[in-house]
Amino acid sequence: MHKILISGYYGFNNVGDEAILKGLIEGIKRVEGPIDIVVLSQHPEFTSKKHEVRSIKRTNLLHIFKEMKNMDLLVSGGGSLFQDVTSKRSIAYYIGIIWFAKRLFKKKVMIYSQGIGPVNKKFNRWLLGKILNTIDFINVRDEKSKLELESLGVTKEILVTTDTVFGISKPPLEMGKAVLEKKSKIKGKPYIGISVRHWKTGNNIAEEMAKLCTDIVQDMDCVPVLIPFHFYKDLKLMESIHKNLDKDIKDKVVIIDEYLYVEDYLSLIGNMDIMVAMRLHGLIFSVLMGVYPVGISYDPKIQSFLHMMDREDAMEVENLNATLLYKELKDAFINKEENTIKLKEYQNKFIELADTHNHKVHDLLSQ
């Protein structure tokens, strides 16, 4: 039985990254069959329980080296591991793991369905280009990431597919429906999902999203559903949005204030009529579940994903304006049927692409 060690941002209660891991594991098992998978995680017990794999602490070098000695392949991904915007140290960690696997243990290494950049520091750009030219295969989730790697001097073949989440089997809608029935006092009206995160603009996000919720309730006669993706961080922002609402609107806006896991989030979003999302995986979840997404961009990866569906740029969070965002949302709602038909084509394309990088894992293990 082959053995894979997986490195990524796992065990941090971020549902997007947990979905990445779920898609990665499901996809590889679907193509490879029985396989020994070990995941580097911040909370190994949590990861083992949720994904039914072995897991070790991502900072325990002794255990990492022990697993590397016996592995057949290091899979680095997916997500946005190689960037130095949200964290200055994480890029060094992920490059270091690759260096140990390749140079110290002479093992095969694959970059798997990653979004690359932005990488701004000159040293980081030089180091990343140098290290990635030594590995066995590179797979990224969008064309922009490929261009970024080429600008770093990477000369190896680069396979462009899509996000690993598209390797997840879609869950039934009943789970999400049950959550909504428990949380919402209003029945029989369309749901508009909203998922945002804290950013440098501060309170402006809470204020503008409160205005958006008010317009959704008063003008569209729909129910806004505030969905925290990185639960403990995003929930505070959702509560701030709710506090900014007038008293007569508060009871008509739903906050998902209980911790859910990947399948529950997917099922919940599948019950939305439209999804407004600032986090990339809010958009990806909605596409996987056949729900039309409206994006808010805080990072180039948002625009890159929308471009893969031939969509125009999303509103930048620095220029967040509830009035303009509401116009885009309402237009999407009015044209929901037509948009859903177009979305289905991209959904099928992305699911097919997800199997491409899983077959590449199989090829590397077979060599």
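The values are calculated or read from the model by the stated rules, or taken from the named source; none is laboratory data. Just so we're clear, the structure is a prediction, and the values are computed from it rather than from any experiment. Heads up, the Cβs are rebuilt from the backbone with ideal geometry, glycines too, and the neighbour counts pull from every protein chain shown. Ligands, DNA and RNA are stripped out before the accessible areas are found, and what is left, the full protein with its side chains, is counted by its heavy atoms. Shrake-Rupley method; radii C 1.70, N 1.55, O 1.52, S 1.80 Å.
Do we find a residue being more than 18 Å from T340 (Cβ to Cβ) and among the β-branched types (V, I, T) anywhere in the range 267-285? No: zero hits. Among the acidic types (D, E), open to solvent by 10 Å² or more (accessible area, probe 1.4 Å) and without any contact (Cβ under 8 Å) to a residue 12 or more places away in the chain: is that true of E157 in this structure? No; evaluated as a whole, the condition is false for this residue. Scanning the range 293-311 for residues that are in contact (Cβ under 8 Å) with a residue 40 or more places away in the chain and in contact with a Phe, Trp or Tyr (Cβ under 6 Å, 6 or more places away or on another chain) returns a single hit, Y298. Just one of the listed residues (A354, A314) is without any contact (Cβ under 8 Å) to a residue 60 or more places away in the chain and surrounded by 18 or more Cβ atoms within 10 Å (Cβ to Cβ), namely A314.
Kindly indicate whether T134 is free of Cβ contacts under 8 Å to residues at least 60 places away in the same chain and within 30 Å of L260 (Cβ to Cβ). Spelling it out, it is not the case that T134 is free of Cβ contacts under 8 Å to residues at least 60 places away in the same chain and within 30 Å of L260 (Cβ to Cβ). For the range 166-184, what are the residues that are in contact with a Lys or Arg (Cβ under 8 Å, 6 or more places away or on another chain) and either open to solvent by 40 Å² or more (accessible area, probe 1.4 Å) or aliphatic (A, V, I, L, M) (or both)? Scanning the range 166-184 gives I168, E181. Among the residues of the range 305-322, those that are part of a helix (DSSP H, G or I), farther than 16 Å from Y292 by Cα and out of contact with any Lys or Arg (no Cβ under 7 Å at 6 or more places or on another chain) comprise V317, E318, N319. How many residues are under 20 Å from D299 (Cβ atoms) and either among the polar types (S, T, N, Q) or open to solvent by less than 60 Å² (accessible area, probe 1.4 Å) (or both) if we restrict to the range 113-132? Final tally of qualifying residues: 10. Each residue in the range 317-329 was checked for being under 19 Å from V217 (Cα atoms), open to solvent by 10 Å² or more (accessible area, probe 1.4 Å) and touching a residue at least 40 places away in the same chain (Cβ under 8 Å), and 3 pass.
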